Amino acid sequence: ALEYASEALKADREFVMPIVRQDGWALKHASQELWADREFVMPVVRRSGIELQRASQELRADREVVLAAVQQDGDALEFASKELRADREFMLAAVQQNSCALVYASEQLQADREFMMAAVQQRGLALRYASQELR
């Protein structure tokens, strides 16, 4: 239904939210303005983390938004900003949410002994994402 709506309606959060609650596929028709709207994106990524890929660059750099997405789907971290994926504190928080998040950590973090030790202490499986030199 959303695909047939006017551009103005596709940008109207009150119009779009009830539709996407009923039909998740309708998300692909939401406007770019909505994908830059934190109040729209947060409940969406909490339900389907991978939808972070549609969010604005600004929201892909928002710690809270990205952690919510990662909690729902660890692979959402693929769409986080490079800065967040290189941020030690953020990545440790992401690993707490989902140990698979380390696959998207920067190479520098994957090769950082101190970081990887902290990650392994949180989640033992984290070791499989360490650089070859650290294994």
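The values are calculated or read from the model by the stated rules, or taken from the named source; none is laboratory data. Quantities reported herein were computed from a predicted structural model and do not represent experimental measurements. Because the Cβ atoms are built from the backbone with ideal geometry, glycine has one as well, and the counts that use them run over all protein chains shown. Accessible surface is based on the protein model in full, side chains and every heavy atom, while ligands, DNA and RNA are left aside. Shrake-Rupley method; radii C 1.70, N 1.55, O 1.52, S 1.80 Å.
Taking only the alpha carbons of the chain, we obtain Rg and Dmax values of 16.9, 55 Å in that order.
On full extension, the segment bounded by residue 57 and residue 107 gains 15.9 nm, given 0.36 nm per residue less the C-alpha separation.
Rounded to the nearest 0.05, what FRET efficiency do residue 133 and residue 48 have when you use their Cβ-Cβ distance and R0 = 35 Å?
Numbers: r = 36 Å, r/R0 = 1.04.
Plugging the Cβ-Cβ distance into 1/(1 + (r/R0)^6) gives 0.45.
Both radii are taken from the alpha-carbon atoms of segment 59-135; with Rh as the Kirkwood radius, Rg/Rh is 0.93. Positive end of the dipole of the chain (Cβ unit charges, origin at the Cα centre): among 36, 110, 127, the Cα lying farthest that way belongs to 127. In order along segment 75-81, the phi-based Karplus estimate (6.51 cos²θ - 1.76 cosθ + 1.60, θ = phi - 60°) of 3J(HN,Hα) comes to 5, 4, 4, 4, 9, 6, 5 Hz; Gly and Pro are listed as x.
Once the convex hull of the alpha carbons of segment 31-102 is built, what does its volume come to per residue, in cubic angstrom? Could you put the intermediate results ahead of the total?
Numbers: hull volume 4.6 nm³, N = 72.
Expressed per residue, the convex hull around the Cα atoms of segment 31-102 is 64 Å³.
Between residue 25 and residue 78, the distance separating the two model label sites (each 7 Å from Cα on the Cα→Cβ line) works out to 2.1 nm.
Tally Lys and Arg at +1 and Asp and Glu at -1 over the other residues with C-beta under 14 Å from the C-beta of residue 109: what net charge comes out?
Details: positive: 82, 85, 88, 113; negative: 83, 87, 89, 107, 112, 114, 133.
Neighbour charge sum, excluding residue 109 itself: -3.
What whole number of Å gives the distance from the Cα centroid of segment 89-135 to the Cα centroid of segment 1-75? Answer, in whole Å: 28. Net charge within 14 Å of residue 129 by Cβ-Cβ distance, Lys/Arg positive one each and Asp/Glu negative one each, not counting residue 129 itself? Result for the local shell: 0.
What GluC sites (Glu not before Pro) in segment 50-135 are in a loop by DSSP, with at most 15 other Cβ atoms within 10 Å of the Cβ?
Working: sites: 51, 58, 64, 78, 83, 89, 107, 114, 133; in loops: 133.
Loop-located and lightly packed - 133.
The accessible area of residue 41, taken with all protein chains in place and a 1.4 Å probe, comes to roughly 0 Å². At a 1.4 Å probe, what is the % contribution of carbon and sulfur to the accessible area of the chain? C and S fraction of accessible area: 46 percent. With the simple model of a label 7 Å out from the Cα in the direction of the Cβ, residue 93 to residue 3 spans 3.8 nm. Only Lys, Arg, Asp and Glu carry charge here, each on its Cβ (+1 for the first two, -1 for the last two); on that basis the chain has a dipole of about 440 debye about its Cα centre.
Averaged per residue, the chain has 57 square angstrom of accessible surface, using a 1.4 angstrom probe with ligands and nucleic acids left out.
For segment 50-110, the relative contact order is 31 percent, taking Cα pairs closer than 8 Å that sit 6 or more residues apart in sequence and dividing their mean separation by the residue count.
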